[in-house]
Amino acid sequence: MTTFDEREQGFEKRFALDQEQEFRATAKRNRALGEWAAGLMGLTVKHVAEYAKVIVKSEVDQPGDEDVLRKVFEDLKGAGVQISEGEVAMKMAELLAQARENVRGEK
């Protein structure tokens, strides 16, 4: 095996690890976002966990931040919470940064 092949395999392993970490961070972010939104909606403790699972599942069903943002924003709006879509997006970004740090620290 040449040095080039070894480098290529190293880059492929690193890419796979990065993708796995990003997936885990996104799932953690979505769980935290669901818990945050459930708190704003005044859901009971039992329903907070259920709602967080729904948000995590919504990312798996239709990958992409836009769908998660739209779902959470519409749910908040439907519950009478006065919040802008931009505020939800900012919270998503904040929680994703925290989740990435958390995932990196799990090693």
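Compute the FRET efficiency between Q9 and E106 as 1/(1 + (r/R0)^6), taking r as their Cβ-Cβ distance and R0 = 22 Å, and round to the nearest 0.05. Write down the numbers at each step before the final one.
Values: r = 24 Å, r/R0 = 1.10.
The calculated FRET efficiency here is 0.35.
In nm, to one decimal, how far is the K46 label point from the D18 one, both placed 7 Å along Cα→Cβ?
4.5 nm
Roughly what angle does helix 65-78 make with the longest principal axis of the chain, taking Cα atoms, 0 to 90 degrees, to the nearest 10?
For helix 65-78, the angle is close to 10 degrees.
Can you give the relative contact order of the chain as a percent, counting alpha carbon pairs under 8 Å and 6+ residues apart?
Details: 84 pairs, mean separation 34.5, N = 107.
Result for the chain is 32 percent.
Once Cα extents along the principal axes in Å is worked out from the coordinates, which option in (1) 62, 24, 23; (2) 40, 29, 24; (3) 51, 34, 22 does it equal?
Label of the calculated value: (1).
Would you mind checking the pairs K13/K71; K46/K91; K46/K71 and listing those with alpha carbons more than 31 angstrom apart?
On the way: K13/K71 34 Å; K46/K91 23 Å; K46/K71 20 Å.
Beyond 31 Å between Cα atoms: K13/K71.
Over what distance in Å are the Cα centres of region 8-48 and region 59-102 separated?
Region 8-48 and region 59-102 have Cα centres spaced 12 Å from each other.
Suppose each label sits 7 Å from its Cα in the direction of the beta carbon; what would the E66-A97 distance come out to in nanometres?
2.5 nm
Add +1 for every Lys or Arg and -1 for every Asp or Glu among the other residues with Cβ under 15 Å from the Cβ of E12, and state the total.
Values: positive: R7, K13, R14; negative: D5, E6, E8, D18, E20.
Its environment carries a net charge of -2.
Where nothing but the Cβ of Lys and Arg (+1) and of Asp and Glu (-1) is charged, how large is the charge dipole of region 3-104 around its Cα centre, in debye to the nearest 20?
Details: 16 positive and 20 negative charges, 92 e Å.
Taking the Cα centre of region 3-104 as origin, the dipole is about 440 debye.
Compute the angle between helix 45-61 and the longest alpha-carbon principal axis of the chain, please, reported from 0 to 90 degrees and rounded to the nearest 10.
Computed tilt is about 50 degrees.
Values quoted throughout were computed directly from the atomic coordinates according to the rules given, and no laboratory measurement underlies them. This structure is a prediction, so every number in the text was calculated from the model and none was measured. A quick note on method: Cβ atoms are made from the backbone with ideal geometry, for glycine too, and the neighbour counts reach across all protein chains shown.
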